[in-house]
1. Does the stretch 188-195 include one or more residues that are touching a residue at least 40 places away in the same chain (Cβ under 8 Å) and over 20 Å from R217 (Cα atoms)?
2. Return yes when D214 is surrounded by fewer than 19 Cβ atoms within 10 Å (Cβ to Cβ), acidic (D, E) and within 21 Å of the chain's Cα centre (by Cα) and no when it is not.
3. Out of the stretch 39-73, which residues are free of Cβ contacts under 8 Å to residues at least 40 places away in the same chain and farther than 22 Å from P144 by Cβ?
4. For the stretch 54-99, which positions are within 11 Å of the ligand (Cβ to nearest atom) and at pLDDT 95 or above?
5. Taking the stated definitions as given, is G127 more than 12 Å from the ligand (Cβ to nearest atom), farther than 14 Å from E138 by Cα and not charged (D, E, K, R)?
6. Does the stretch 104-122 include one or more residues that are away from the ligand (no atom under 12 Å from the Cβ) and either outside the structural domain of P71 (by TED's automatic domain parsing) or farther than 21 Å from H161 by Cβ (or both)?
Amino acid sequence: MMTGDSQRPVGKRRSGEIPQKPLRKPDHPGAVPDAEELLTVLPRLLLVEDDRELLGMLDRVLTGAGYHVAPAADGQRGLHLALTRPFEVMIIDRGLPAIEGLDLTMRLRKQGVHTPVLILSAYGTVGDRVAGLDAGAEDYLVKPFDIEELLARLRALLRRHDSPGASVTLGAGQVDLTTRVARLADGREVELSPREADLLGLLAARPERVFSRDELRERVFDAAESASIVDTYVHYLRRKLGRQVVRTVRGLGYRAGRL
Ligand code: CA
């Protein structure tokens, strides 16, 4: 147990200084997402940390930053949650009771859980980091850490995790993202523009996720564009591929449909 490993600089901040992203705004005024939809749209994060004070602080900060956090105070509980619930990203402390962090990460990989893992640790030598990555973690952050760096690293892990491969499947259809050709369920082929393919590729890479218009605009289009560019391209996709190709989730954004 590393005493004080979480005290600085995280512990020095007053909560008012932590940049907090509000929950994503509904697309249409007056449209209120129901609880189930809200859980789908927020990235689900497993947080395994035995330092109760740090666990509580991170839970609050990450919730404020727009994550749906499942906290666990030991490795056994963390393993149970990781094997029984879906997550988009996990933060695992290295020094944990019951099952220590690297062992936990290795067990998850062996069980076929490939959710990105960020290891938190007071051990920061090159050898320690290598051991963390070799255990199957995607990232390794040494305590004490800055909360803004943690948030940036989580965003980077989510971006990488969402990156589509060379082709994506939607229902009975498929999109080849290299040639930008969509093959529909009835066998017809339709060519997409680069931005149409990027938009559909991102949605289809995570069909269970709802993407807000702001996130889609940020990731597919120029920052200077207004959010309505997303609606325009959803319209193009639907015109080419059928209305069902992109689903509107009222008040939240869009998710993949089927081809
Ligand atoms: Ca610990």
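The values are calculated or read from the model by the stated rules, or taken from the named source; none is laboratory data. Not measured: the values here are computed from a predicted model. Glycine also receives a Cβ, built like all others from the backbone with ideal geometry; neighbour counts cover every protein chain displayed.
1. Here is the first cut: in the stretch 188-195, the ones touching a residue at least 40 places away in the same chain (Cβ under 8 Å) are 190, 192-193.
If we keep only those that are over 20 Å from R217 (Cα atoms) too, we end up with 190.
The answer is yes; a qualifying residue exists.
2. Values: surrounded by fewer than 19 Cβ atoms within 10 Å (Cβ to Cβ): yes; acidic (D, E): yes; within 21 Å of the chain's Cα centre (by Cα): yes.
So D214 passes the test.
3. Those that are free of Cβ contacts under 8 Å to residues at least 40 places away in the same chain and farther than 22 Å from P144 by Cβ: L39, L42, H68, A70.
4. Hits for the stretch 54-99 are L54, L55, A73, D74, G75, I92, D93, R94, G95, L96.
5. Numbers: more than 12 Å from the ligand (Cβ to nearest atom): yes; farther than 14 Å from E138 by Cα: yes; not charged (D, E, K, R): yes.
Spelling it out, G127 is indeed more than 12 Å from the ligand (Cβ to nearest atom), farther than 14 Å from E138 by Cα and not charged (D, E, K, R).
6. Taking every residue of the stretch 104-122 in turn, none turns out to be away from the ligand (no atom under 12 Å from the Cβ) and either outside the structural domain of P71 (by TED's automatic domain parsing) or farther than 21 Å from H161 by Cβ (or both).
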